[in-house]
Amino acid sequence: MQNNRIQMIQFEINYTTNEVNNYMRMLYQVGDIYNKNILLNHLWEKVNYLGYLNQLMTTYIPQSQLPQKPSPTVPNITVPNKTFTKEELAKVTGKNGNPAYIAVNGVVYDVTNNAAWAAATHFGLSAGNDLTQEFKSCHPSGQRILDQLSVVGRLVL
Amino acid sequence: MTELVYSNSLMAAEGERAIQKLMDLVNSDEEFILAVEGAIATKNDGLFNIIGRWQGEPLTALKAAKMLGEKAMHIIAVGACATHGGFSAAKPNPSGSVGLQTILPDKKVIKLPGCPTHPDWFLGTLASLLMYGEIELDRRDRPLLFYSTTIHDRCPRRTYFNQGIFAKKLGEKTCLFKLGCRGPVTRTDCPTRQWDGYVNWPIGADTPCIGCAQFGFPDQMSPFISFDTTEES
Ligand code: SF4
C-alpha cells in the first residue's frame, strides 16, 4: 500500500517534470507576450505542484529513511530585556530611517522588513502603535503570525 | 448563447426605453445573470446614485440592485466599488456607499475586486458560469481561477525582495517594497496575466502595486507611495 502510493507520487513527479520541460521548450518558441504569460503561469502551477508532491512524499516515507535534518532549533521566544513605553514606541514608526515596531499583547515586534508591512503600514494601520485590539479582531487565532516576527522587547504601561 | 439585455454603455436604447428592458426582464420568467459595476449609495433612500428614470421617477441603484438581485440566477459584483464600496465608500463616505453584498445579504455574490477589474477576470467568470453553471470561489467569494495567489508570490522581482535590494525611488528596477508595494497583501494573477493587451503591469513599469484588488481599497491600502521610509536592512 505504502509502496503503491510512493510509486504513484513518483509517477506524478516524472510526468510533471516532463510537462515542465515541455513548457520551457514552448517558451522558446512562442513569440507573443500573451502566450508567454500563459505559459509562465502554467510553469508556476507545475512547480508549485512539484513542491506539493515532494511534501506528500515525505509523509509516506518512514522517518528512518529520510535524510537526517539537524534537529530544529527551538524558536527563541525569550523576550529581550529591553522595554518600551508608549512614547518610545511611538517614535519607531518606520519613517525617516527608523525601524518599524508594533506591540501586540505587551510584546514589541519588529515589522521593518515584513512583507505585509510595506512602507510601515498595514491595512490602514501604522507602525509605532499598540495594535493588540486590531490584531485580535483581524487574526483571532494568529499566534502563528506573531511567532514569525522578531521580538525586540516589552511594552510597559 | 447570450443576450445582453441591459448595459448602459453598450445598448442602443436610451432613457426610459432602456429602463423598460430591465423592467420587462424582472416581470418575465427569464433566467438572467446580473453583473453590477459601482457601489450602492444608501443615504437619502439611495438618491446619491440614480441609474435612470422610470415612469417619471428616478430609479436608484439601491432599488434596481435589490429588485434585480432578488431574481438573478447569478450575481457578479464587478470592480472595487461593487465588491466592497471601493472609492465610493472611501472616508468620509458622504453618500453611505456600500458593496452589493451589503444590500443583498442572503445572496451569493461573486466578487471580482480590482480597480479596474481585468477584462479577463470578468469575461472568464462569465464564460465559466455559461459553460459550467458555476465557478470555484475562495472564502471571500473571489474566483480561484484569477485570485488564488498573491502578487508577491509570483512577482518577477521577488529575488530582490529576498536579498533585501529595494528601490529608493520610482523607476528603479528592483523590489518596490520600501516605497509601499501592496503586492504581498493582494491576490491576483497580474504578474503572469498583465494588463493593456497583456503587455505590462504596475510593477513592470517600476511603480509599486497599490493593492487595487484588495478589500478595503483605497483607504486600507494607503499611502500608495512613501519616500520617508524604514531603515536600510
Ligand atoms: S515589488 Fe512588491 S510584489 Fe514584487 S517582490 Fe517587491 S514587495 Fe513583492
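The values are calculated or read from the model by the stated rules, or taken from the named source; none is laboratory data. Bear in mind the structure is a predicted one, so any value in this text is a computation, not a measurement. Every residue, glycine among them, receives a Cβ derived from its backbone with ideal geometry; neighbour counts consider all protein chains shown. Please note that ligands, DNA and RNA were not included when accessible areas were found on the heavy atoms of the full protein model with its side chains. Shrake-Rupley method; radii C 1.70, N 1.55, O 1.52, S 1.80 Å.
Just a few scattered comments:
- In the range B:194-207, residue nearest to the ligand (Cβ to nearest atom) [restricted to those that are open to solvent by 20 Å² or more (accessible area, probe 1.4 Å) and in a helix (DSSP H, G or I)]: B:Gly204
- When the range A:134-152 is filtered for residues that are part of a helix (DSSP H, G or I) and open to solvent by 50 Å² or more (accessible area, probe 1.4 Å), the ones remaining, listed by number, are A:Glu134, A:Lys136, A:Ser137, A:Cys138, A:Gln143, A:Arg144, A:Ile145, A:Asp147.
- In the range B:140-171, the residues that are acidic (Asp, Glu) and either within 8 Å of the ligand (Cβ to nearest atom) or open to solvent by 50 Å² or more (accessible area, probe 1.4 Å) (or both): B:Asp153
- Extreme residue, surrounded by the fewest Cβ atoms within 10 Å (Cβ to Cβ), among residues of the range B:174-193 that are within 10 Å of the ligand (Cβ to nearest atom) and in a loop (DSSP other than H, G, I, E, B): B:Thr174
- Considering only residues in the range A:108-133 that are over 19 Å from B:Pro223 (Cβ atoms) and open to solvent by 20 Å² or more (accessible area, probe 1.4 Å), the one that is nearest to the other protein chains (Cβ to nearest Cβ) turns out to be A:Asp110.
Here's the yes/no breakdown for (1) touching a residue at least 40 places away in the same chain (Cβ under 8 Å); (2) buried (at least 18 other Cβ atoms within 10 Å of the Cβ); (3) not basic (Lys, Arg):
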site	(1), (2), (3)
B:Glu31	yes, no, yes
B:Val36	yes, yes, yes
B:Ile40	yes, yes, yes
B:Trp54	no, no, yes
B:Gly79	yes, yes, yes
B:Ala82	yes, yes, yes
B:Cys115	yes, yes, yes
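- Of all residues making up the range B:3-47, the number that are part of a helix (DSSP H, G or I) and under 20 Å from B:Gly99 (Cβ atoms): 4
- Check on B:Asp120, touching a Lys or Arg at 6+ places or on another chain (Cβ under 6 Å), more than 12 Å from the ligand (Cβ to nearest atom) and open to solvent by 20 Å² or more (accessible area, probe 1.4 Å): no
- Filter pass, A:Thr93 being away from every other protein chain (no Cβ under 13 Å) and either more than 20 Å from the chain's Cα centre (by Cα) or surrounded by fewer than 21 Cβ atoms within 10 Å (Cβ to Cβ) (or both): no
- Single condition A:Tyr101 does not satisfy, out of (1) part of a strand (DSSP E or B); (2) surrounded by fewer than 19 Cβ atoms within 10 Å (Cβ to Cβ): (2)
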